[in-house]
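Trainee: There's a structure below that I have some questions on.
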Amino acid sequence: MKELKMSRRTQYTRMVLQDSLIELMKEKSISKITIKELCEKADVNRTTFYAHYTDQYDLLRKIEDEVLLWLKEAIITLLGKITDKSGTMQIMEEICHYFVENSKHLQVLMSEQGDIDFQKEIFTLIYQQCGMSSLSPANISLGINEDAFIFAVNGSVGLIQHWLKNGFKKSAKEMAETIYDLTRYQN
């Protein structure tokens, strides 16, 4: 019973610290956020913070890792269920729904205040899991080169940033269709 309480307490502490970091990142870059102000916002002491994270960058990376883990698992699950070529479109739509459902954090993580490398990791993971990579033999035979792949990843990041920043003016399905249509590789 005590372990369960500790687990809940730990989950709560991590959630509060994550939410506090995201709130502070709305106001300023992570390099300007101090552990002191993060702890004050989360209403936890520094010792508690350091029991979970080494610094604000470690906390941010853990948040990003959770998103990437969810993403990879979702793609693998969806690919296992998909039997036709519309698989990538279904995956993109599911991911866009995830962005809407988790907009509180993702609006910041995908903004200018977020880590651009993380943002690119998201779409690189999506495209690679779906078999769209400049390095795969099938794509080389289709004429997909590294430049086209980089353009697709960066373009997708830009579209998602715009969509999140402007309050989801398109539905998740419409955004997925837009990204799919603009990034699908043709002969």
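Trainee: Determine which member of the set T13, T77, T34, T47 is of a type in the set (V, I, T) and modelled with pLDDT under 90.
Mentor: Answer to the check: T77.
Trainee: Could you tell me which of the residues T48, T54 is among the β-branched types (V, I, T) and assigned to a loop (DSSP other than H, G, I, E, B)?
Mentor: Numbers: T48 fails: assigned to a loop (DSSP other than H, G, I, E, B).
Checking each option against the conditions leaves just T54.
Trainee: Give the stretch 52-74 a look and list any residue that's aliphatic (A, V, I, L, M) and at pLDDT 95 or above, or say none. Before the answer, list the steps.
Mentor: The initial filter retains those residues of the stretch 52-74 that are aliphatic (A, V, I, L, M), namely 59-60, 63, 67-69, 71, 74.
Correct list: L59, L60, I63.
Trainee: If you don't mind, another one. Would you check which residues across the stretch 167-187 are part of a loop (DSSP other than H, G, I, E, B) and modelled with pLDDT under 90 and list them?
Mentor: Here is the first cut: in the stretch 167-187, the residues part of a loop (DSSP other than H, G, I, E, B) are 167-171, 184-187.
Those that are part of a loop (DSSP other than H, G, I, E, B) and modelled with pLDDT under 90: G167, R184, Y185, Q186, N187.
Trainee: Only one of (1) under 25 Å from G167 (Cβ atoms); (2) open to solvent by 70 Å² or more (accessible area, probe 1.4 Å) fails for L21. Which number is that?
Mentor: (2)
Trainee: Next up: Here is a check on your reading of the model: is K36 assigned to a helix (DSSP H, G or I), in contact with an Asp or Glu (Cβ under 9 Å, 6 or more places away or on another chain) and surrounded by fewer than 18 Cβ atoms within 10 Å (Cβ to Cβ)? Outline the logic, then answer.
Mentor: On the way: assigned to a helix (DSSP H, G or I): yes; in contact with an Asp or Glu (Cβ under 9 Å, 6 or more places away or on another chain): no; surrounded by fewer than 18 Cβ atoms within 10 Å (Cβ to Cβ): yes.
For K36, the condition - assigned to a helix (DSSP H, G or I), in contact with an Asp or Glu (Cβ under 9 Å, 6 or more places away or on another chain) and surrounded by fewer than 18 Cβ atoms within 10 Å (Cβ to Cβ) - is not met.
The values are calculated or read from the model by the stated rules, or taken from the named source; none is laboratory data. Values in this document were obtained by computation on a predicted structure and should not be read as measured data. So basically every Cβ, Gly included, is an ideal-geometry build from the backbone, and we count neighbours across all protein chains shown. For the accessible areas, the whole protein counts, side chains as well, though only heavy atoms, and no ligand, DNA or RNA atoms are used. Shrake-Rupley method; radii C 1.70, N 1.55, O 1.52, S 1.80 Å.
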